[in-house]
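Taken together, the values in this text are just the output of simple stated rules run on the coordinates, not laboratory data. Keep in mind that this is a model prediction, so the values were computed, not measured. Cβ placement follows ideal geometry from the backbone for every residue including glycine, while neighbour counts extend to all protein chains displayed.
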Amino acid sequence: MKSISKRSLNINRKKPMILSPRGVEDILPAKTSQYQWIEKEASFLFSLYGYEEIRIPTFERTELFSRSVGEETDVGKQMYTFLDKKGRSLTLRPEATASVVRAYLQHKVYAQPGEWKVYYMGPMFRYERPQAARMREFRQIGAEVIGEVNPYLDVELIEMGAQFFKKVGVTDFSIQLNSIGCKKCRVPYEIKLTEYLKNNLGSLCSLCQKRSQYNPLRVLDCKRKSCQSILRKAPLTREYLCEDCGSHFKKVKMGLEDIGLKFELNPRLVRGLDYYTRTVFEFVSSLLGAQDTVCAGGRYDELVQELGGPPTPALGFAIGVERLLAILEKKGIEPPSKGSSLIYIATLDEESQIMGYRIAALFRSQGIRSWLNLSERSLSSQLKVAHKGEIRWVMIIGEKEIKEKKFILRDMQSGEQEGIEWDRLKELGKKLK
Ligand SMILES: [Zn+2]
Ligand SMILES: [Zn+2]
């Protein structure tokens, strides 16, 4: 009884507001049009290269990522892992490649002839320190090709990435390229590198000191000046490439030169994930400051086998959508307009609202986007709504208009208006488009 009376006392108290968790954000309608545009351009372009869309689950068994991304990598340590009600360990996807490979194996795609070319788009989750264009929920658009070793496929994939950026108006990027070898040549290299890092341990930053033990390759990537000067003399992967890796890399470079795509060799470029082999690349934009990578990818020839499949070469890339949008914003690039214009149908009473239904239906059947007023606002405040929404066309339906079956169409830009008879409404689509 006591608790009930307590609750009833609280009934009129203002409830605390619930905000979104740190590091995630709403994408409001003003911004979704940008996402839709980017996504549309990507699907169209990727399909021209023979890729089809795959939609993978948002969460997977944790084991999938611990065996692919690696638990000791930066991404592995940032995973959102939780137990479900049966005590099974699940993880919100921190990236998509592992899931694509799992799907490839689960659906026995390897039994079909030809390579598998898929693209995906959607949110990924990493427990990072939130900062500009780096959120805990962020979006990626990526492409993967599984089942082919030909180095010209690396070339085609990189070219597809470059075409995509050009398509959305980003031309000032550089392509950084490196080869990190395969299992065979990486082992002797990592021994040499670890030895070198061990001898210089005292001069490395604390993060690099840790990394030199669990992920020595990643030390090469450190942006700190003190580490960079040590790393200048560190052994490089390209000096240790086996014959196959060496000839693969040579063909990738040759292929890119053949199609006239400029790239920069960056012998210290590595990737933050365990599964990469041979070709690695990044699209870098100077407009992003320190967060300069907008697309990253490479080969992962050993991952399919690592996840229990037959030996199968593969490669792919992922584009950071928020980072791309940050570049577009800096460059002042806006998505093209939504197509047909919007008309606001102003109504004054119940009778005109009912007429408004019929008119709106007529407009919509012509592909005209129509916003019918179903509030009791005055005409002047309805016009304010249209003005604020930057809606160019307003149709006014009042008592007189219904009687005469002639409705007022106002052009909010010029302020001009004209009466339109019922029969002419059927052709209004042409005028407003
Ligand atoms: Zn090799
Ligand atoms: Zn460092």
Which one of L256, L372, L48 has the biggest mean-square fluctuation once the chain is modelled by GNM with Cα springs under 10 Å? L372
Hey, can you grab everything whose amide H is under 5 Å from the amide H of M124? Only 5+ residues off in sequence or another chain; H modelled, so Pro and N-termini drop out. F138, R139, Q140
Averaging sequence separations of C-alpha pairs under 8 Å and six or more residues apart, then dividing by the length of the range 342-432, give the relative contact order as a whole percent. 32 percent
How about the range 88-160: which trypsin sites (Lys or Arg not before Pro) there lie in a loop by DSSP and see at most 15 other Cβ atoms within 10 Å? R88, K108
Write down the percent of antiparallel bridges among all DSSP beta bridges whose residues are both part of the range 342-432, to the nearest 5. 50 percent
Relative contact order, percent, of the chain when contacts are C-alpha pairs under 8 Å separated by at least 6 residues? 14 percent
Derived scalar couplings ³J(HN,Hα) [the range 313-327; Karplus, 6.51 cos²θ - 1.76 cosθ + 1.60; whole Hz; x for Gly, Pro]: x, 7, 7, x, 9, 9, 9, x, 5, 4, 5, 4, 5, 5, 5
Highest-MSF residue in the chain out of A234, A346, A326 [GNM, Cα springs under 10 Å]: A346
Would you mind computing the Rg to Rh ratio of the range 342-432 from its alpha-carbon coordinates, Kirkwood style for Rh? 0.91
Using r as the Cβ-Cβ distance of E418 and S365, and R0 as 22 Å, what FRET efficiency do you calculate, to the nearest 0.05? 0.50
Rough spin-label spacing in nm, given labels placed 7 Å along Cα→Cβ, for Y127 and K14: 3.4 nm
If amide hydrogens are placed 1.01 Å from N in the peptide plane, which non-local residues have theirs closer than 5 Å to the one on V149? none
Listed here are the pairs K167/K250; K405/K430; K167/K262; K406/K430; K184/K225; which of them are more than 23 Å apart at the Cα? K167/K250; K184/K225
Take peptides 187-197, 59-69 and line them up by average Cβ neighbours within 10 Å, highest first, as a rough protection proxy. 59-69, 187-197
Sum -39500 (n - 2.57) across every DSSP H segment of at least 4 residues in the chain, then divide by the residue count to get the 222 nm mean residue ellipticity, nearest 500. -11500 deg cm²/dmol
If r is the Cβ-Cβ distance from S229 to V187 and R0 is 22 Å, what FRET efficiency results, to the nearest 0.05? 0.20
Charge dipole (debye, nearest 20) of the chain; +1 at Cβ of Lys and Arg, -1 at Cβ of Asp and Glu: 1660 debye
Can you list residues whose amide H is under 5 Å from T279's amide H, if they're 5+ apart or on another chain and H is modeled 1.01 Å from N? I180, R299
Assigning unit charges at the beta carbon (Lys, Arg +1; Asp, Glu -1) and nothing else, what dipole magnitude in debye, to the nearest 20, does the range 184-237 show about its Cα centre? 140 debye
In nm, the gap between the two label points placed 7 Å beyond Cα toward Cβ at L83 and K166 is 5.4 nm
Positive-end extreme of charge dipole, the chain - chosen from F317, I27, S174 (charges on Cβ): I27
Dipole size in debye (nearest 20) for the range 342-432 around its Cα centre, Lys and Arg Cβ +1, Asp and Glu Cβ -1? 340 debye
So which trypsin sites (Lys or Arg not before Pro) in the range 334-402 are both in a DSSP loop and have at most 13 other Cβ atoms within 10 Å of their Cβ? K338
Length gain on complete extension for the stretch Y152 to S286, per 0.36 nm per residue less the alpha carbon to alpha carbon distance? 45.5 nm
Tell me, what ³J(HN,Hα) does each residue in the range 159-167 have, in order and in whole Hz, if you take phi through Karplus 6.51 cos²θ - 1.76 cosθ + 1.60 with θ = phi - 60° and put x for Gly and Pro? 5, 5, x, 5, 4, 4, 5, 5, 4
Once Lys and Arg get +1 and Asp and Glu get -1 on their Cβ, which of T277, S212, F363 lies farthest toward the positive end of the dipole of the chain? S212
Sites D26 and E243, calculated FRET efficiency, Cβ-Cβ separation with R0 45 Å, nearest 0.05: 0.30
Expressed in nanometres to one decimal, the distance between label points 7 Å along Cα→Cβ at C205 and E63 is 3.7 nm
Work out from phi, with θ = phi - 60° and the Karplus expression 6.51 cos²θ - 1.76 cosθ + 1.60, the ³J(HN,Hα) of each residue of the range 147-156, listed in order in whole Hz, and give x for Gly and Pro. x, 8, 9, 3, x, 5, 5, 4, 4, 4
Pairs of Cα atoms under 8 Å, at least six residues apart: use those to get the relative contact order of the range 184-237, whole percent. 45 percent
